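The values are calculated or read from the model by the stated rules, or taken from the named source; none is laboratory data. As the structure is a computational prediction, the values presented were derived from the model and not from experiment. Glycine gets a Cβ as well: all are built from the backbone with ideal geometry, and neighbour counts include every protein chain shown.
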């Protein structure tokens, strides 16, 4: 299936790979973005965006600083690459679902404060049952700076569409933001089907210029990111 998907994509990129042109903040009823950034739902109309840090459904257990609205944002080159992945999946009734994209530095600071509060373990059963909270920095699950803040990293999965508007996530073997070895892309603790789903996901993202992260199956950074040394802090 992998080769078929990639071959089909080559014929579809010219049709589906275009990025929406600039739209004013007034038209969107949203705050204007810095030059070079794009709203995901404007650029890729059929993309599913479910920013978990805008909600309480995340490892912090509450909405995270900097997420004022639920509008995903990425750099224009990263959005173009993501649109091409979406184009590969679309003919097969599949698509992408984004859990997080650009992440303000103030959100990362919120993560750091949360990680430092060892008394707050409310989300431990759901997100890090086998990892001591005090070791999250050491083990690489929490960092003081995040590539997401550079604007070209996306946390994403694949969904199946039923044709009636409903979507269902493919089973990747662990939930988004689960801290533990089972979330590593190379984990052998997941089933054959889950490994196949991860392989499809990883193969398509790499094919369109994204670099995976060794400890999170959902995390990808554009190899040619336009702002490799800048950590942005504008709100979402």
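Each row is one residue, and each column tells you yes or no for (1) within 25 Å of residue 161 (Cβ to Cβ); (2) in a strand (DSSP E or B).
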site	(1), (2)
42	yes, no
46	yes, no
60	no, no
74	yes, yes
78	yes, no
81	yes, no
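Please go through region 123-144 and give me each residue that is in a loop (DSSP other than H, G, I, E, B), surrounded by 12 or more Cβ atoms within 10 Å (Cβ to Cβ) and touching a residue at least 24 places away in the same chain (Cβ under 8 Å), ordered by number.
123, 128, 131, 136, 139, 140, 141, 142, 143 - these are the residues of region 123-144 that are in a loop (DSSP other than H, G, I, E, B), surrounded by 12 or more Cβ atoms within 10 Å (Cβ to Cβ) and touching a residue at least 24 places away in the same chain (Cβ under 8 Å).
Listed here are the residues, each with its yes/no results for (1) surrounded by fewer than 21 Cβ atoms within 10 Å (Cβ to Cβ); (2) within 27 Å of residue 106 (Cα to Cα); (3) at pLDDT 95 or above.
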site	(1), (2), (3)
15	yes, no, no
21	yes, no, no
24	yes, yes, no
31	yes, yes, no
46	yes, no, no
57	yes, yes, yes
66	no, yes, yes
80	yes, yes, yes
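Of all residues in region 88-104, count the ones that are surrounded by fewer than 18 Cβ atoms within 10 Å (Cβ to Cβ) and in a helix (DSSP H, G or I). It would help to see each step written out before you state the result.
Restricting attention to region 88-104, the residues satisfying the condition of being surrounded by fewer than 18 Cβ atoms within 10 Å (Cβ to Cβ) are 91-93.
The next check asks that each one be in a helix (DSSP H, G or I); those that pass are 91-92.
Result for region 88-104: 2.
Return the only residue of 125, 129, 63, 91 being over 14 Å from the mean Cα position of the chain (by Cα) and within 25 Å of residue 230 (Cα to Cα). Full working, then the answer.
On the way: 125 fails: within 25 Å of residue 230 (Cα to Cα); 129 fails: within 25 Å of residue 230 (Cα to Cα); 91 fails: within 25 Å of residue 230 (Cα to Cα).
One residue alone meets the criteria, 63.
Name, by its number, the condition in (1) within 16 Å of residue 97 (Cβ to Cβ); (2) in contact (Cβ under 8 Å) with a residue 60 or more places away in the chain that does not hold for residue 207.
Every listed condition holds for residue 207 apart from (1).
Which numbered condition in (1) closer than 25 Å to residue 205 by Cα; (2) outside any helix (DSSP H, G or I) is the only one that residue 85 fails?
Single failed check for residue 85: (2).
With respect to residue 215, determine if the residue is out of contact with any strand residue (DSSP E or B) (no Cβ under 6 Å at 6 or more places or on another chain) and at pLDDT below 95.
yes
Consider residue 110 against the criteria (1) under 18 Å from the mean Cα position of the chain (by Cα); (2) in contact (Cβ under 8 Å) with a residue 24 or more places away in the chain: it satisfies all of them except one. Which criterion is unmet?
(1)
Residues are listed down the side, and each one gets a yes or a no for (1) within 21 Å of residue 55 (Cβ to Cβ); (2) without any contact (Cβ under 8 Å) to a residue 60 or more places away in the chain:
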residue	(1), (2)
149	yes, no
153	yes, no
159	yes, no
182	no, yes
195	no, yes
215	no, no
235	yes, no
